[in-house]
Amino acid sequence: MDARQLEYFLAIVDHDGFGRAAQALHIAQPSLSQAIAGLEREVGVKLFHRVGRRVVLSDAGRELIGPARQVLRDLRTAKATLESMKGVQRGRVELVTMPSPGIEPLSTLTRVFTERHPGITVEAGAAFTVDEVVQQVRQGACELGLVGAPGVLRPPGLEVLPLQEQDFVLVGAGIPAGDPVPVDALAGVDLIASPPGSLMRQVVDDIRAAHPDARIVAEVAHRASILPLVLAGAGVAVLPSAWATLARRAGARVARLDHPARLHVALLSRSAPLTPAAQTFRALAHRLVEQAG
């Protein structure tokens, strides 16, 4: 098999079918079908099953996804390393981030990094859970990952660089007086919350456990919708402190919440060699942590 075949295989997986994959690759669909048929002959197993007009991954196809991403990632790393030896100052840092770390520290890291390396683009994909970030970094879909977790992470096979701890703030017009605001002062407050499963939601549930009359008026999966809802007067949101500066600039009242929860933010990377751009980004993050400490 060759890299082109693996690229075609992953395009079908990522675009959920031959037709959309062919469009994304800018090739004719028959050519894509022939390339995959050739790959299946070489490996001796079916990678896709045809079900009517759709295709679904076979067990062998599912097993190939991770290794295929790793092979293509390693090839890009090798190419970028050789380019850097020629003095080429361009390329991409490919990372994935959860919503709150995607505000801070991503904003600061990107600003400082692109100021120092103007020819390199930071490409930040989105994920909503720690497991999503870990999987994408581990499988080679990206090189780096920004996560926010309730505690310190130690995922096997990945390097972890702790960056910061974020406490929680209240954002909205209905916040009681004080800073920090104790949980005991939040009786009857209308809350805007994320769905169950996040640390943000756990803090909201703690408030409601202390005050049954506190109610969730909106449950929002997309974190980008929370601040607009607050600004529209829908209720009060509990957010990691990464949101505080943005919220204040937008005109919202912000106060610290007196609650023990902390969001542990870390930068994850593969144990395998990184591209020079990703190595430089990680080194910058490490230096900023040292300076902050």
Can you pull out the residues in segment 76-103 that are at pLDDT 80 or above and either in contact with a Leu (Cβ under 9 Å, 6 or more places away or on another chain) or of a type in the set (Asp, Glu) (or both)?
Val93, Glu94, Leu95, Val96, Thr97, Met98, Ser100, Pro101, Gly102, Ile103
Flagged pairs (Cβ under 9 angstrom, 6 or more apart or on separate chains; first in segment 194-207, in contact (Cβ under 8 Å) with a residue 40 or more places away in the chain; second in a loop (DSSP other than H, G, I, E, B) and of a type in the set (Lys, Arg)) are Leu199/Arg262
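Check Val130, Val122, Val181 and return the single one that is aliphatic (A, V, I, L, M), surrounded by 18 or more Cβ atoms within 10 Å (Cβ to Cβ) and more than 21 Å from Arg282 (Cβ to Cβ). Even if it seems obvious, please write down each step before you answer.
Details: Val130 fails: more than 21 Å from Arg282 (Cβ to Cβ); Val122 fails: more than 21 Å from Arg282 (Cβ to Cβ).
The match here is Val181.
Does Arg253 fit the bill of being crowded, with 17+ Cβ neighbours inside 10 Å, among the basic types (Lys, Arg), touching a residue at least 12 places away in the same chain (Cβ under 8 Å) and over 17 Å from Met200 (Cβ atoms)? Can you show your working first?
Numbers: crowded, with 17+ Cβ neighbours inside 10 Å: no; among the basic types (Lys, Arg): yes; touching a residue at least 12 places away in the same chain (Cβ under 8 Å): yes; over 17 Å from Met200 (Cβ atoms): yes.
Taking the combined requirement at face value, the residue does not satisfy it.
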Count of segment 190-209 residues which are part of a loop (DSSP other than H, G, I, E, B) and either open to solvent by less than 50 Å² (accessible area, probe 1.4 Å) or over 25 Å from Val152 (Cβ atoms) (or both)
3
Suppose we keep only residues that are of a type outside the set (D, E, K, R) and outside any helix (DSSP H, G or I) within segment 51-70. Which one would you say is least open to solvent (accessible area, probe 1.4 Å)?
Ser58
Residues being touching a Leu at 6+ places or on another chain (Cβ under 7 Å) and either acidic (Asp, Glu) or over 15 Å from Leu95 (Cβ atoms) (or both) - total across segment 124-148:
1
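Find the residue count for segment 228-246, including only residues that are closer than 20 Å to Gly197 by Cα and within 24 Å of the chain's Cα centre (by Cα). Break it down stepwise before answering.
Of all residues in segment 228-246, those closer than 20 Å to Gly197 by Cα come to 236-243.
Cutting the leftovers down to within 24 Å of the chain's Cα centre (by Cα) gives us 237-243.
The number of residues fulfilling the criteria is 7.
Return the residue satisfying two criteria in turn: it lies in segment 133-151 and is assigned to a loop (DSSP other than H, G, I, E, B) and on the phi < 0 side of the Ramachandran plot, and of such residues it is most open to solvent (accessible area, probe 1.4 Å).
Step one: filter segment 133-151 for residues assigned to a loop (DSSP other than H, G, I, E, B), giving 139-143, 150-151.
Still in the running and on the phi < 0 side of the Ramachandran plot: 139, 141-143, 150-151.
Details: Gln139: 55, Ala141: 44, Cys142: 6, Glu143: 2, Pro150: 92, Gly151: 28 Å².
Residue satisfying both the conditions and the ranking: Pro150.
Determine whether Ala177 is part of a loop (DSSP other than H, G, I, E, B) and on the phi < 0 side of the Ramachandran plot. It would help to see each step written out before you state the result.
Details: part of a loop (DSSP other than H, G, I, E, B): yes; on the phi < 0 side of the Ramachandran plot: yes.
Considered against the rule, which asks whether it is part of a loop (DSSP other than H, G, I, E, B) and on the phi < 0 side of the Ramachandran plot, Ala177 comes out as yes.
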Leu170 vs. criteria free of Cβ contacts under 8 Å to residues at least 60 places away in the same chain, within 19 Å of Val230 (Cβ to Cβ) and open to solvent by less than 40 Å² (accessible area, probe 1.4 Å)
no
Selection status of Pro212, of a type outside the set (Lys, Arg) and open to solvent by 50 Å² or more (accessible area, probe 1.4 Å):
yes
Among the numbered criteria (1) part of a strand (DSSP E or B); (2) modelled with pLDDT under 95, which one does Ala266 miss?
(2)
Give Pro155, Pro240 a once-over and let me know the one that is buried (at least 18 other Cβ atoms within 10 Å of the Cβ), under 30 Å from Leu284 (Cβ atoms), touching a Ser or Thr at 6+ places or on another chain (Cβ under 6 Å) and not β-branched (Val, Ile, Thr).
Pro240
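Residue by residue through segment 107-134, note down the ones that are within 14 Å of the chain's Cα centre (by Cα) and under 24 Å from Arg262 (Cβ atoms).
Taking segment 107-134 first, the residues within 14 Å of the chain's Cα centre (by Cα) are 107, 122-134.
Ser107, Ala124, Ala126, Ala127, Phe128, Thr129, Val130, Asp131, Glu132, Val133, Val134, listed by residue number.
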Please specify each residue of segment 269-292 satisfying the condition of being surrounded by fewer than 15 Cβ atoms within 10 Å (Cβ to Cβ), of a type in the set (Gly, Ala, Ser) and either free of Cβ contacts under 8 Å to residues at least 12 places away in the same chain or assigned to a helix (DSSP H, G or I) (or both).
Ala283, Ala292
Tell me which residues, restricted to segment 20-50, are open to solvent by less than 30 Å² (accessible area, probe 1.4 Å) and either outside any helix (DSSP H, G or I) or out of contact with any strand residue (DSSP E or B) (no Cβ under 9 Å at 6 or more places or on another chain) (or both).
Ala21, Ala22, Leu32, Ala35, Gly38, Leu39, Leu47, Phe48
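The values are calculated or read from the model by the stated rules, or taken from the named source; none is laboratory data. Keep in mind it's a predicted model, so treat the numbers as computed, not measured. Because the Cβ atoms are built from the backbone with ideal geometry, glycine has one as well, and the counts that use them run over all protein chains shown. Just the protein is used for accessible areas: all its heavy atoms, side chains included, with ligands, DNA and RNA removed. Shrake-Rupley method; radii C 1.70, N 1.55, O 1.52, S 1.80 Å.
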